[in-house]
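See below for the structure under consideration.
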Amino acid sequence: MEKQELLYEGKAKKVYRTDDPQLYIIDYKDDATAFNGLKKGTIGGKGIINNQMSNRLMQMLEREGIPTHFVQELSERQALVRKVSIVPLEVIVRNIAAGSFSKRYGVVEGMALETPVVELSYKNDALGDPLLNDDHALALKLATRQELDIIRSMALKINALLQQFWAECGVTLVDFKLEFGKTDDGRIILADEISPDTCRLWDTATGKKLDKDRFRRDLGDVEAAYEEVMNRLVAHAQH
Ligand code: TMP
């Protein structure tokens, strides 16, 4: 499959067309941003880890009945994916209070939540991805009622599967962000990536943060944390 013209360049990935109109190539970069692009840097080797981790997790989810955009790993940094139009919602699932949830509701980071929380944000950098609810999403025609219901139930199922998977790696899945896409025939499938950029992953034994919060908060050892959590995943696959 040949890379053709660059369709889109985001903060952490590039998307290319291919000679098949139904397939795109994603190319993962080492660039990292935080706070809506205010903080910029690079995390050496991140693109390789995020590509390989996302591909493995999506294959696991596919085996468990979740439709995803993943087709094939092409190289260290590139994956072949199904073409979708991205639903302009960031779908966040939380198991433990952290980040903006802790700030907004005044609860300490690390507090277990009584039930998983699904949050929606409007995927719009100019507006800073504002939080919204189903009524807002419907009123703004970002998705239909049926699509919102499918997205919520898929997000909760993905949470249960990822939580168990990471637990088996000795890693606590605190929260994560998903994006969904719509195929030409109207099906909703999981798109974007699942990686330490988009998840909070804490070492269950020590509580050490093994994700992008090390970059966002200047905690140091950023590359080592990405490598550590990838090694856990690889070790899990060998059992
Ligand atoms: P938050 O606590 O900052 O709202 O983040 C919740 C989760 O979403 C966390 O796992 C990090 C992830 N996330 C992204 O993937 N992209 C973003 O732009 C933001 C703000 C968070």
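Please list the helices of the chain that count as membrane-span-like by this rule: a mean Kyte-Doolittle hydropathy of at least -0.5 together with Cα atoms stretching 30 Å or more along the helix axis, each helix being a complete DSSP H run. Those that clear 30 Å and a mean of -0.5 are 145-168.
Note on the chain: Kirkwood radius taken over Cα pairs, Stokes-Einstein applied at 25 °C and 0.890 mPa s, translational D equal to 134 µm² s⁻¹. Taking the Cα centre of region 92-137 as reference, the dipole from Cβ charges on Lys and Arg (+1) and Asp and Glu (-1) amounts to some 140 debye. Let me have the relative contact order for the chain, percent, based on Cα pairs under 8 Å that are six or more residues apart. Relative contact order, the chain: 17 percent. Placing +1 on the Cβ of every Lys and Arg and -1 on the Cβ of every Asp and Glu, with nothing else charged, gives the chain a dipole about its Cα centre of roughly 360 debye. Over region 60-125, Cα pairs under 8 Å with separation of 6+ residues give a relative contact order of 27 percent.
Each peptide in 11-24, 112-125 receives the mean, over its residues, of other Cβ atoms within 10 Å, and ordering these scores from highest gives 11-24, 112-125. The GNM of the chain, with springs linking C-alpha atoms under 10 angstrom apart, assigns the highest mean-square fluctuation among L61, L190, L219 to L219. Pairs with C-alpha atoms separated by more than 27 Å, drawn from the list K29/K123; K39/K182; K39/K103; K39/K209; K83/K103; K13/K103, are K39/K182; K83/K103; K13/K103. If R0 is taken as 22 Å, the Cβ-Cβ distance between D134 and E64 corresponds to a FRET efficiency of 0.30.
Label region 95-196 by shape, choosing from rounded, prolate and oblate, from the square roots a ≥ b ≥ c of the eigenvalues of the Cα gyration tensor; if a/c is under 1.5 it is rounded, and otherwise prolate applies when a/b is larger than b/c, oblate when it is not. Oblate is the answer for region 95-196, as a/c is 1.5 or above yet b/c matches or exceeds a/b.
How many angstrom separate the Cα center of region 175-208 from the Cα center of region 19-36? One Cα centre to the other: 14 Å.
Proximity of backbone amide H atoms, modeled 1.01 Å from N, is registered between K83 and L23, Y24 at under 5 Å, excluding neighbours fewer than 5 places apart on the same chain.
Rounded, prolate or oblate for region 1-99? Axes are the square roots of the Cα gyration tensor eigenvalues, ordered a ≥ b ≥ c, and the cut-off for rounded is a/c under 1.5. Oblate, because a/c is 1.5 or more while a/b does not exceed b/c. Considering only I92, F70, M111, and ranking their Cα positions along the charge dipole of region 66-139 that arises from unit charges at the beta-carbon of Lys, Arg, Asp and Glu, the one farthest toward the positive end is F70.
Every read-out reported here was derived from the displayed coordinates using simple, explicitly stated rules and does not represent laboratory data. Since the structure is predicted, the reported quantities are computational estimates derived from the model, not experimental observations. Because the Cβ atoms are built from the backbone with ideal geometry, glycine has one as well, and the counts that use them run over all protein chains shown.
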